[in-house]
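Below is one structure, written out as structure tokens, with a few remarks after it.
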């Protein structure tokens, strides 16, 4: 039993980690631009501000999923949310195909205080997190076992932390890897397809 729980924990943590790179690549690319103008201290402050926002989104999605307990007798209701990330992915691919990139505004905050930079990073992620919230909520609704929610959430947050570190260290490089923009919606669609197929409700 303990071995099974460990397997579930590791597998859902891995899913959470991978999912971050489907929904959070736009945030990674944006933060690589923001980090370019910052000192090490400012990067650290904004790192934790962004990570705090990711944690709040995960906790909120996990909390709301607890109200889905009475949906277990209706499997289709747990699978239909998969259509949402599929839709998001298809819309993003269509947008990329037409070369309509969402424009991000790069600003310099060289003289701002720590609390300002922390809050800025927090809200920059929050206002751009609808795709993260939708996909995470969909997975949590289909898997409202506490161990799955915790392990997925930890994996998602870990994925965010790693991507922020990479954005900080390789800000110039991440802006040049344009194929990542196309990889993101593909991963989102794959996750949505798994939800729609009932994969998560069977594991």
Conditions (1) under 15 Å from the mean Cα position of the chain (by Cα); (2) crowded, with 16+ Cβ neighbours inside 10 Å; (3) at pLDDT 85 or above: number failed by residue 118: (1)
Could you run through segment 8-20 and say how many residues are closer than 10 Å to residue 156 by Cβ and modelled with pLDDT under 85? 2
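Here is a yes/no grid of residues against (1) closer than 28 Å to residue 193 by Cβ; (2) at pLDDT below 75; (3) surrounded by 14 or more Cβ atoms within 10 Å (Cβ to Cβ); (4) under 17 Å from the mean Cα position of the chain (by Cα):
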residue: 45; (1), (2), (3), (4): no, no, yes, no
residue: 48; (1), (2), (3), (4): no, no, yes, yes
residue: 51; (1), (2), (3), (4): no, no, yes, yes
residue: 54; (1), (2), (3), (4): yes, no, yes, yes
residue: 58; (1), (2), (3), (4): yes, no, yes, yes
residue: 61; (1), (2), (3), (4): yes, no, yes, yes
residue: 72; (1), (2), (3), (4): yes, yes, no, no
residue: 78; (1), (2), (3), (4): yes, yes, yes, no
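The values are calculated or read from the model by the stated rules, or taken from the named source; none is laboratory data. None of these values were measured; they are calculated from a predicted model. Every residue, glycine among them, receives a Cβ derived from its backbone with ideal geometry; neighbour counts consider all protein chains shown.
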